[in-house]
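Each reported figure results from applying straightforward, stated rules to the coordinates on display, with no laboratory input. Since the model is a prediction, treat every value here as computed from it, not as a measurement. When we count neighbours, we look across all protein chains shown, and the Cβ atoms used for this are built from the backbone with ideal geometry, even at glycine.
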Amino acid sequence: MTDKPKLRVLLCAPRGFCAGVVRAIDAVEEALRIHGAPVYVRHEIVHNKYVVEGLRAKGAIFVEELDEVPDTSKPVIFSAHGVPKAIPEEAVARNIFAIDATCPLVTKVHREAELHFRQGRQVILVGHAGHPEVVGTIGQLPPGSIILVQTVEDIENLQPKDEENLAYVTQTTLSIDDTRSMVDALLRRFPRMIGPHREDICYATTNRQEAVKHIAPVVDALLVVGSSNSSNSQRLKEVAERSGCKLARLVLRAEDVDWDLFSGITSLGITAGASAPEILVEEIMDAFAERFELHVETVSTADEAVFFPLPRELRQAV
């Protein structure tokens with residue numbers, strides 16, 4: 001017999017790593033295997049401190065800009081979030097061996113923006129200022145070609161050069177519901193605006209948010225495992241709150257859990273952002289198992305079988 005309180009745990013599925021994150025992490029590990037340490041990585045390869053520290057321990061050196069990279073024959077890897085066009089150009093000018101680990105779904109947004117630009121349209125980008133993915137997308141085109149909007153108010157205040165010649169793209173890790181309201185506002189104001197052939201929000205973001213929407217209304221609390229600088233993880237917490245969960249928290253490790261908050265709960269939902277490894281979910285589950293008698297159920301709302309091959313430079317080396 002146990003005197004621990006009972007806790008029903010609903011595990012969201014899908015959760016955790018997406019195909020783009022797996023590809024980016026594999027790219028760093030494969031580069032280390034082929035070329036040996038150190039391997040340089042511009043920006044955090046994915047937004048998860050645990051993952052970054054693990055790769056650093058294996059010999060990856062993380063930098064924010066290429067001018068921090070010495071003259072070297074070692075590879076420099078661009079993160080999954082994508083980079084402005086000026087970065088690969090700088091790498092070529094310095095004769096740096098660059099490996100682009102940009103998620104293919106982010107590359108899709110870049111190509112859409114370029115296509116609209118070539119066809120003479122001004123591009124509106126729905127996203128969060130300063131996020132590396134947004135910086136990378138804006139940097140695909142000449143200055144002023146892309147206008148960033150973050151709120152419906154931004155859309156109301158837009159003054160485009162030609163209202164009849166507009167297109168929009170979006171950051172891939174946004175809230176589905178927020179983005180829908182932004183796109184609705186854009187199309188109300190500019191009915192002739194052209195959108196993507198297929199929506200830009202990635203499959204993994206969509207699937208993880210849908211799983212949270214399913215679980216959040218029926219649990220006392222929900223934990224999102226992920227880093228605070230991860231956009232898709234932050235959106236999962238927001239989706240949980242909007243879906244009726246009164247206690248939603250974003251934590252990276254078990255040590256980050258405020259146990260006083262969870263002392264009186266009888267049901268708990270757990271998910272993980274697309275850049276959070278499953279080992280951290282297991283760590284947090286173990287910490288709850290020390291305090292509660294767990295009854296675990298997996299609630300699956302989608303099957304994922306997406307795979308992205310390694311960047312070309314590493315495929316050739318393999």
Among residues belonging to the stretch 136-171 that are crowded, with 17+ Cβ neighbours inside 10 Å and of a type in the set (Val, Ile, Thr), point out the one that is nearest to Leu187 (Cα to Cα). Ile155
Subset of the stretch 73-125, residues in contact (Cβ under 8 Å) with a residue 60 or more places away in the chain, in contact with a Leu (Cβ under 8 Å, 6 or more places away or on another chain) and in a loop (DSSP other than H, G, I, E, B), comes to Arg121
Select from the stretch 77-90 the residues that are within 18 Å of Glu44 (Cα to Cα) and over 21 Å from the mean Cα position of the chain (by Cα) and list them in ascending order. Pro88
Would the stretch 196-213 turn up any residue that is among the small types (Gly, Ala, Ser) and more than 18 Å from Ala302 (Cα to Cα)? no
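Yes/no matrix, rows are residues, columns are (1) in contact with a Cys (Cβ under 7 Å, 6 or more places away or on another chain); (2) buried (at least 16 other Cβ atoms within 10 Å of the Cβ); (3) not hydroxyl-bearing (Ser, Thr, Tyr):
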{"position": "Leu250", "(1), (2), (3)": "no, yes, yes"}
{"position": "Ala254", "(1), (2), (3)": "no, yes, yes"}
{"position": "Asp258", "(1), (2), (3)": "no, no, yes"}
{"position": "Thr266", "(1), (2), (3)": "no, no, no"}
{"position": "Glu278", "(1), (2), (3)": "no, no, yes"}
{"position": "Val281", "(1), (2), (3)": "no, yes, yes"}
{"position": "Asp286", "(1), (2), (3)": "no, no, yes"}
{"position": "Phe292", "(1), (2), (3)": "no, yes, yes"}
{"position": "Glu297", "(1), (2), (3)": "no, no, yes"}
